[in-house]
Amino acid sequence: RLYPLHTLSVTNIPNSSRGKTSARSSTIPTPEGLQSRRCKLLEEDSPIVQAGKRQRQRYVTKVGKCQVNLGNIQDKKRFLSDIFTTIVDLKYRWFLFVFMMCYIITWVVFGFIYFIDAWVRGDIAHQGDPEWQACIENVDSFVSALLLSVESQRTIGYGTRMVTANCTEGVILLMAQSIVGSMIDAMMVGCMFVKISRPKKRAQTLIFSKNCVISRRDEKLCLMFRVGDLRESHMVDAKIRAKLIKSRQTAEGEFIPLEQSELNLGYDTGEDRLFLVEPQIICHVINRRSPFWDMSAESLRREQFEIIIILEGIVEATGNHCLAAGMTCQARTSYTEDEILWGYRFEPCMSLEKGAFQVDYSRFEMTFEVQTPAVSAKEQHELKELEQQEHSTLSLYWDHLLQPCALPGP
């Protein structure tokens with residue numbers, strides 16, 4: 001009674017921020033904590049749940065954003081050990097803030113040190129004295145020391161403020177600021193270049209069909225969806241794969257939420273590697289190894305799962321086709337069970353016009369209904385085997401009837 005027969009997926013996990021759960025309590029004695037987790041993950045398969053399936057939480061959104069928030073991370077020092085990736089992964093407003101603060105803090109710190117050095121050596125008190133050998137010339141306040149720091153680090157050099165050879169610490173300080181400034185320039189410029197050149201936005205021009213369809217192709221029941229590339233600069237070495245996200249209960253009673261299983265999109269035949277020049281229909285053959293083997297059109301509406309589609313490829317380099325100059329791009333989308341159309345097929349969106357193939361993306365999402373049995377692939381396979389067996393039996397029967405009777409000898 002604790003586990004319903006209908007296995008639920010991530011979409012039935014309640015939102016912790018709302019603090020609402022519809023799980024029923026169980027009378028089976030279980031350890032504290034484990035029972036509460038199971039009650040949060042499991043909900044009764046009622047019509048109310050079925051009616052609210054369209055408002056449930058997705059694991060991956062249609063635009064490819066993963067709806068998973070990481071919390072209670074104890075060892076946050078790991079992020080500082082990989083400071084380059086941490087800075088690159090920041091949002092642009094925080095990235096620009098870090099970018100500016102690195103330079104501003106350096107200028108202020110070295111400007112303060114210049115001011116303290118000039119004040120201790122008496123350069124500020126002897127301003128205008130022609131006989132005084134100053135260590136730092138024309139520095140009479142903190143603002144002028146700050147200007148000296150900016151001019152030294154950015155190699156501006158207006159010529160009014162400078163470090164002279166009358167003191168050793170001034171020369172060492174200038175060398176230290178030059179080294180630190182070069183290191184900041186290398187890191188910040190590198191982070192800015194990687195941040196701008198990341199192919200994350202390239203995924204916005206890789207589109208997926210809004211729905212999946214299930215129909216017969218080559219006498220096999222197949223699950224199909226369509227992908228396309230809107231740019232004329234194509235993806236190099238594009239590969240596609242699919243994951244099924246579904247919760248299940250093991251034979252030992254263990255509940256596994258968000259279990260990931262692979263959907264074969266032609267890995268063994270190489271069909272998962274795409275030459276994505278025109279929109280292509282990706283096909284998953286529903287066979288014995290498919291999780292949809294014993295799923296019919298009626299049971300599909302009762303199931304709860306999510307199919308994650310991942311398209312990866314190398315962004316074609318500008319002006320050449322060197323793979324070393326490209327960066328890997330990944331586009332994602334997802335399909336839930338209510339976005340799968342049983343008995344439909346995609347309309348063609350390519351035609352031949354004026355000696356070239358023309359792609360009409362206005363027909364990219366269009367589908368049309370075809371005659372498809374509503375039973376599962378397993379039932380269709382068993383029915384086909386039964387028909388073949390009956391046909392074989394009938395052929396043997398007719399062959400026996402048509403066989404001429406043996407005449408008796410003389």
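Things to note:
- Total formal charge among the other residues, if their Cβ is under 14 angstrom from that of Asp140, Lys/Arg +1 and Asp/Glu -1: -2
- Rounded to 5, percent antiparallel among DSSP beta bridges of the stretch 202-379: 95
- Sequence-ordered 3J(HN,Hα) estimates for the stretch 120-126 from the Karplus curve with 6.51, -1.76 and 1.60 and θ = phi - 60° stand at 5, 7, x, 5, 5, 6, 9 Hz, glycine and proline given as x.
- Sum of side-chain charges, Cys329 neighbourhood, beta-carbon under 13 Å (Lys, Arg +1; Asp, Glu -1): +3
- Length gained on full extension, Gln204 to Thr393: 62.3 nm, using 0.36 nm per residue less the C-alpha separation.
- Modelled FRET efficiency - R0 30 Å, Asn69 with His234, Cβ distances, 0.05 increments: 0.30
- FRET efficiency estimate (nearest 0.05) - Cβ-Cβ, Ser81 to Asn138, R0 35 angstrom: 0.20
- At q = 0.19, 0.22, 0.28 Å⁻¹, base-10 log of I(q)/I(0) for the stretch 221-271 (Debye sum, equal scatterers on each alpha carbon): -0.85, -0.96, -1.13
- Relative compactness, the stretch 202-379, computed as alpha-carbon Rg over 2.2 N^0.38 Å: 1.13
- Per-residue 3J(HN,Hα) values for the stretch 298-309, derived from phi via the Karplus relation 6.51 cos²θ - 1.76 cosθ + 1.60 with θ = phi - 60°, read 6, 5, 4, 6, 8, 7, 9, 7, 8, 9, 9, 9 Hz in sequence order (x marks Gly and Pro).
- Taken over the stretch 83-197, the percentage of Cα pairs per 10 Å bin, counting from 0 up to the bin with the maximum distance, is 14, 40, 24, 15, 6, 1.
- Per residue accessible area of the stretch 202-379, 1.4 Å probe, in Å²: 53
- The stretch 117-255: radius of gyration over Cα atoms, expressed as a fraction of 2.2 N^0.38 Å: 2.28
- Gain upon complete extension [Ile179, Asp218; 0.36 nm per residue less C-alpha separation]: 7.2 nm
- The stretch 238-250 - phi-based ³J(HN,Hα) in whole Hz, Karplus 6.51/-1.76/1.60, Gly and Pro as x: 6, 10, 10, 8, 9, 10, 9, 9, 7, 8, 8, 10, 7
- Put simply, when 67-75, 193-201, 137-145 are sorted by average Cβ atoms within 10 angstrom per residue, most first, you get 137-145, 193-201, 67-75.
- Sorting the segments 349-362, 331-344 by their mean number of nearby beta carbons within 10 angstrom, highest to lowest, gives 331-344, 349-362.
The values are calculated or read from the model by the stated rules, or taken from the named source; none is laboratory data. Predicted, not measured: the structure shown is a model, and the values here were computed from it. Neighbour counts are summed over all protein chains in view; Cβ atoms, including those assigned to glycine, are modelled from backbone coordinates with ideal geometry. The protein model used for the area step is the full one, side chains on, heavy atoms only, and it has no ligands, DNA or RNA in it. Shrake-Rupley method; radii C 1.70, N 1.55, O 1.52, S 1.80 Å.
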